[in-house]
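Just below is one structure, and these are the notes that go with it.
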Amino acid sequence: MSENKFDFIIVGLGLAGSVLSRMLIDSGFKVLVFDKFNPGSSSQVAAGLVNPVTGRRVVKSWMADTLLPFANDFYRKIETESGKQFYHSMDVLEVVHSIKDLNEWTVRSADESMKKYFMREAPEELYNDKISEFKKLICINSSAWMNIPEFIELCRLKLTETSSIIEEEFDFSLMKINNNEIEYRSLKSKKIIFCDGYQTLKNELWKNLPFVPAKGEILTIKCPDLPEEFILLSGIFLIPVGQNKFRTGSTYEWNFQNELPSENGKSKLLNQVSDLLKVPFEIIDHRAGIRPTVKDRRPLIGQHPEHKNVFLFNGMGTKGVQLVPYFADHFTKVLSGKENLMDEVNLNRFTN
């Protein structure tokens, strides 16, 4: 294959594009990634929380038994190869404030399908006089947090070493879709995959898909008196990221004007953190990003209904860290002709 011919062009190097490009390259495909670094992208801002239990309804996260081990193995493999740690296993402590909620958690944690995620008693004494009064702390196993920007930077460096990335914004007006290939300037590719998060909304090719972008804001606080062994959940999350720092969030804003952090978002988070913590803290950072969420909370993966060499790998939402590795592997096998695309994530559920 000549230097300007590729099997796949991938647009976007967020979490989705990083993992998918890695798996396609490892499968022997020639890949070229287009990405202009954006510090406000959802992958750069996201907290990277991994949690097998959805707290509001106290149910197991979708496909948790399959997704979590797969994600853990994939990220650990990259850590071993790179010598860098970015994936941090850490139990979650759900702060239960009411008897009603405690009863719900007690019933669900006894469910046979859930028991393995509740194998450890929470050390409640650690948090006496540290957080607001609680009925119980529920410890959730198999949880983690991931430093997504560090992981993406590792992927970017690897792509740079092999001249497999062009660090500029993809210009849709320069793309020509032919029957058998994609042309872009002097480049030619058999297929193109869009992995560009909520930026997909600007792409006319996917205008009929039900993306519901949500702006989320996150604070980083410094709190020397708060234990750093666990992730806390109490309407908001508090993730220890080292050196007495915690990432906390997140807000959901469906009607927004821009990607910038807002005083309203900051004030809302500040009030929630103040309600939870009984120890002093200071805000040291405030960021915002736009999540590529989907109406039915499932990924959007698959082939364009009219252009057979145009594909989408997107819509991972707030659980991207646990979703992306499994579905990137699945999609790689689909593109290799080894598997059929899973109906529940196939974008044709909205285009047929």
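Is it the case that some residue within region 275-292 is under 19 Å from residue 31 (Cα atoms) and surrounded by 19 or more Cβ atoms within 10 Å (Cβ to Cβ)? So far as region 275-292 goes, no, none of its residues is under 19 Å from residue 31 (Cα atoms) and surrounded by 19 or more Cβ atoms within 10 Å (Cβ to Cβ).
The residues of region 180-201 that are farther than 15 Å from residue 315 by Cβ and touching a residue at least 24 places away in the same chain (Cβ under 8 Å), listed by number, are 180, 181, 182, 184, 186, 187, 188, 189, 190, 191, 192. For residues in region 172-205 being within 21 Å of the chain's Cα centre (by Cα) and not in a loop (DSSP other than H, G, I, E, B), which is surrounded by the fewest Cβ atoms within 10 Å (Cβ to Cβ)? Among them, the one singled out is 202. Every listed requirement among (1) out of contact with any Lys or Arg (no Cβ under 8 Å at 6 or more places or on another chain); (2) among the acidic types (Asp, Glu); (3) under 28 Å from residue 253 (Cβ atoms) is met by residue 282 save one, (1). Taking strands (runs of 3 or more DSSP E) as the structural unit, those lying wholly within region 65-171 and holding at least 2 residues that are closer than 20 Å to residue 321 by Cβ, touching a Phe, Trp or Tyr at 6+ places or on another chain (Cβ under 9 Å) and not aliphatic (A, V, I, L, M) correspond to 87-89.
A residue that is of a type in the set (S, T, N, Q), in the same structural domain as residue 154 (by TED's automatic domain parsing) and touching a Gly at 6+ places or on another chain (Cβ under 8 Å) occurs nowhere in region 12-33.
The values are calculated or read from the model by the stated rules, or taken from the named source; none is laboratory data. Note that the coordinates shown come from a computational prediction; the quantities given were computed from them, not determined experimentally. Note that we place each Cβ from the backbone using ideal geometry, even for glycine, and neighbour counts take in every protein chain shown.
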